[in-house]
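Asks: Here's a structure for you.
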């Protein structure tokens, strides 16, 4: 009997295995940090043996049998030319509402550029069928029409830890009392004033999203996919799985639907050997090294002179060496302990035991890499979710932050010395690192499992909540509360009328009794 059970179990396992899925990756956004998350997902699926085709501005030219690319790097050329006209430090001062409108306009242009690409046009004019489409959720939802055309199951991902528009797609509830908006810099421990603005801004964001953004995406969907069998709304609410760049150890605790899977760290690969010059620089730093990088979008050479000098003068007073991602060949006033480079293998450097502090803009990829290696961080957030990421690092005790306007020699010196000399930051960073890697599956394994799960169960519709079929009033029970309030008012009014009638009768009878007596 046991043998029969064993045979049945083996046969069942064989039946539910999914081998050789045909997968299409749609990664349109021209940002290296966004692409890093998408590429981590794609590589995990390629390594699992699935056949993957990727539409991306960053062709990898990987020579693998099961990997193909559709080159849309023309978008990147246009985006890069526009980007150089924007000073990121000025952009960081835009109000959050303005950023929302700007992203909506920019991403509408990205959809047009993407669909106008010759390679994409060629693809759309051919007949393709895929099992799964991997799609980035970042305000380009009309491009879900490509998944509709290829008749595939939609699996999406987001580079943000918590995004309100994914809540709308899954029917998830994110109470603004303790779930901070990613465009703000709050944690889950908000004061009354912060809860008030968090709620107000989230309502404004929802208004912009549904009143300004969604109509434009519907129009783009109709424009580029006029023969689609499924409507824009059908595709929008039809995502099987959403991979979120988050993990409870590094993020705040918040509600999450069963079809939302955290994969923070998907881009982090095992550390590779360093270039010889960097290896020698780090090995020789007996007092430790400070790594300074503001990511790919923000260039250190764009720092105003007075703020750049604040760092240079501070570094000159330290016994530690400094490795600075600096995009010029020379650094004015270099005190001698600073090594500059226009490009650095950031993830691999953070793995070196001599790295003591990581100065960063607070991007989620860099802070995640620091968490993996247990390195304390000093953040100078500029825009986007950077302020939120750094606020969490301060709250969890493994980092400090300086607002851009407050960057001075005194502030930088005080913060770096605090991180170097107070052991609590290193202890906290190492503890969070342990929690971050302690999970039943690696991010790569989670991606493969849940993608195959969606394929095994024909889109896994059983994971999607029925709340997606409710509008804002129904979802928040506003109609129910109004009805209950009306009922209470009517009952209260009837009680008042009845009580008044009773009192009138009593007072009418009372004088008559007095006269008779």
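Asks: Checking residue 62 against (1) at pLDDT 90 or above; (2) in contact with a helix residue (DSSP H, G or I) (Cβ under 9 Å, 6 or more places away or on another chain); (3) surrounded by fewer than 19 Cβ atoms within 10 Å (Cβ to Cβ), which single condition isn't satisfied?
Replies: Just one mismatch for residue 62, condition (1).
Asks: Something else: Does residue 415 satisfy the condition of being in the same structural domain as residue 207 (by TED's automatic domain parsing) and assigned to a helix (DSSP H, G or I)?
Replies: Answer is no for this residue.
Asks: Give all pairs with beta carbons closer than 7 Å in which a residue from the stretch 119-141 that is under 21 Å from residue 459 (Cβ atoms) and in the same structural domain as residue 106 (by TED's automatic domain parsing) meets a residue that is modelled with pLDDT under 95 and surrounded by fewer than 14 Cβ atoms within 10 Å (Cβ to Cβ); count only pairs at least 6 apart in sequence or on separate chains.
Replies: 129/151
Asks: Taking residue 485 as the residue in question, decide whether it is in contact (Cβ under 8 Å) with a residue 12 or more places away in the chain and in a helix (DSSP H, G or I).
Replies: Criteria not met by residue 485.
Asks: Right, next: Quick one: would you say residue 252 is surrounded by 21 or more Cβ atoms within 10 Å (Cβ to Cβ), in contact (Cβ under 8 Å) with a residue 40 or more places away in the chain and either out of contact with any strand residue (DSSP E or B) (no Cβ under 7 Å at 6 or more places or on another chain) or closer than 30 Å to residue 168 by Cβ (or both)?
Replies: So residue 252 fails the test.
Asks: Please count how many residues of the stretch 395-430 are under 19 Å from residue 374 (Cβ atoms) and surrounded by fewer than 17 Cβ atoms within 10 Å (Cβ to Cβ).
Replies: Of the residues in the stretch 395-430, 9 are under 19 Å from residue 374 (Cβ atoms) and surrounded by fewer than 17 Cβ atoms within 10 Å (Cβ to Cβ).
Asks: Taking the stretch 302-338 on its own, how many of its residues are surrounded by fewer than 20 Cβ atoms within 10 Å (Cβ to Cβ) and closer than 18 Å to residue 375 by Cβ?
Replies: So the count comes out to 2.
Asks: Out of all the residues in the stretch 126-153, which are within 14 Å of residue 235 (Cβ to Cβ) and in contact with a strand residue (DSSP E or B) (Cβ under 8 Å, 6 or more places away or on another chain)?
Replies: 133, 135, 137, 143, 144, 146, 147, 150, 152, 153
Asks: Counting only residues that are within 23 Å of the chain's Cα centre (by Cα) and more than 30 Å from residue 350 (Cβ to Cβ), give me the helices (runs of 4 or more DSSP H) lying completely in the stretch 188-288 with at least 1 of them.
Replies: 192-208, 214-224, 232-236
The values are calculated or read from the model by the stated rules, or taken from the named source; none is laboratory data. What you see is a predicted model, and the numbers here were worked out from it, not measured in a lab. Note that each Cβ is placed from the backbone with ideal geometry, even for glycine, and that neighbours are counted across all protein chains shown.
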